[in-house]
Amino acid sequence: MNNYLNSLFDIAGKTALITGVSGQLGVQLCQAYLAAGCSVIGMDLSQQSSIPEEVDFYRADIRKKEDVQRVMSLVFDKYKKLDILVNNAGVSTFEPFEDRPEEKIDFVMDVNLKGTFWCIQSFVAEVDKGQQLSASIINVASFYGVISPDFRIYTDCGRKNSEIYGATKAGIIQMTKYFAVHLAERNIRVNAVSPGGIFNPASPQGEDFMKNYSFRCPMKRMADANEMIGAILYFSGKAASYTTGQNLIIDGGMSSW
């Protein structure tokens, strides 16, 4: 039984390319894939000291198609394969929507939607070039791509979730379904994970916000970044061999109200 379970969840020896590795979830993902025995490639605008030194880091702006193509090509030439792509990079904006300037809207759309598209496009091109038998893409969306934020909880927190963030995350969920269908014949599975509110110990949310969020959430607390890892690793390997086009919401039941 142990051998069977190990074979289901074993992803050792695979290459995992993760975007947004300098963020809270990105660092956790790097650590998880390294612990699972993968070669881990990281992409971001800057390299933070918290990124494990074993990560093969590439500086890139995913809003720029040529940046993404350059990194994907370099990685493929070096590793001769690309097994897993985790589109983790994402941004938001927090000013009141009445004051939202066009450049902030463009910024969020360019990173969250266009950047994800460029990464998928370039990843698939390299997988095709290598004539790989299979690959997996995991997109990090958000439960705010499915539900609207409850603004009553933001009593002492200026980071009120924006409509453009939610719209782009809804777009990522739809893009997941689109590519799951269109890449199925190439045995490339595409799934999404939609986190709920994640507590950030480096920059804690307001005490009232956390209290209000916990009251609103059926599980009575915010998530830890580590609680997203199991689903992402599941989508990466053999255990999810017949799973594609799915969006797994990990929000402590918040979206079930």
Quiz item: Do we have VAL68 as touching an Asp or Glu at 6+ places or on another chain (Cβ under 9 Å), part of a strand (DSSP E or B) and not hydroxyl-bearing (Ser, Thr, Tyr) here?
Solution: no
Quiz item: Mind checking which pairs have a first residue in the range 150-175 that is without any contact (Cβ under 8 Å) to a residue 60 or more places away in the chain and more than 25 Å from GLN246 (Cβ to Cβ) and a second that is among the small types (Gly, Ala, Ser) and surrounded by 14 or more Cβ atoms within 10 Å (Cβ to Cβ), Cβ under 9 Å, 6 or more apart or different chains?
Solution: TYR154/GLY206; THR155/GLY206; ASP156/GLY206; CYS157/GLY206
Quiz item: Of all residues in the range 75-91, how many are within 16 Å of ASP61 (Cα to Cα) and in a loop (DSSP other than H, G, I, E, B)?
Solution: 4
Quiz item: Applying the selection to the range 38-50, what residues are at pLDDT below 95 and either over 14 Å from VAL71 (Cβ atoms) or surrounded by 19 or more Cβ atoms within 10 Å (Cβ to Cβ) (or both)?
Solution: SER46, GLN48, SER49, SER50
Practice problem: Would you tally the residues in the range 1-37 being touching a Gly at 6+ places or on another chain (Cβ under 7 Å), in a helix (DSSP H, G or I), more than 18 Å from ASN88 (Cα to Cα) and modelled with pLDDT of 95 or more? | Solution: 0
Exercise. May I ask you to list the residues in the range 131-148 that are over 26 Å from SER241 (Cβ atoms) and surrounded by fewer than 19 Cβ atoms within 10 Å (Cβ to Cβ)?
Key: ILE147, SER148
Practice problem: Looking at (1) out of contact with any helix residue (DSSP H, G or I) (no Cβ under 8 Å at 6 or more places or on another chain); (2) at pLDDT 95 or above, find the lone condition where GLY158 falls short. | Solution: (2)
Exercise. Among the candidates LEU25, LEU74, LEU8, LEU45, single out the residue that is under 29 Å from ARG186 (Cβ atoms) and within 18 Å of the chain's Cα centre (by Cα).
Key: LEU25
Quiz item: Is there a residue in the range 232-255 that is more than 30 Å from LYS14 (Cα to Cα), polar (S, T, N, Q) and at pLDDT 95 or above?
Solution: yes
Quiz item: Between a first residue in the range 1-14 that is at negative phi and a second residue that is among the basic types (Lys, Arg) and not in a helix (DSSP H, G or I), which pairs have beta carbons less than 9 Å apart while being 6 or more apart in sequence or on different chains?
Solution: LYS14/LYS81
Quiz item: Can you tell me which residues in the range 161-188 are out of contact with any helix residue (DSSP H, G or I) (no Cβ under 6 Å at 6 or more places or on another chain) and assigned to a loop (DSSP other than H, G, I, E, B)?
Solution: SER162, LEU183, ASN187
Exercise. Scan the range 238-257 and report the pairs whose first residue is surrounded by 14 or more Cβ atoms within 10 Å (Cβ to Cβ) and whose second residue is part of a loop (DSSP other than H, G, I, E, B) and among the aromatic types (Phe, Trp, Tyr), with Cβ atoms within less than 9 Å and a gap of 6+ or a chain change.
Key: none
Practice problem: Within the range 205-227, identify whether any single residue is small (Gly, Ala, Ser), in a helix (DSSP H, G or I) and under 18 Å from VAL21 (Cα atoms), and answer yes or no. | Solution: yes
Exercise. Go through the range 44-60 and give me each residue that's over 23 Å from ASP128 (Cα atoms) and part of a loop (DSSP other than H, G, I, E, B).
Key: LEU45, SER46, GLN47, GLN48, SER49, SER50, ILE51, PRO52, GLU53, GLU54, VAL55
Quiz item: Among (1) surrounded by fewer than 19 Cβ atoms within 10 Å (Cβ to Cβ); (2) over 30 Å from ASP99 (Cβ atoms), where does ILE229 come up short?
Solution: (1)
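The values are calculated or read from the model by the stated rules, or taken from the named source; none is laboratory data. A quick note: this is a predicted structure, and the numbers were derived from the prediction, not measured. Reconstructed Cβ throughout: ideal geometry from the backbone, glycine too, with neighbour counts over all protein chains shown.
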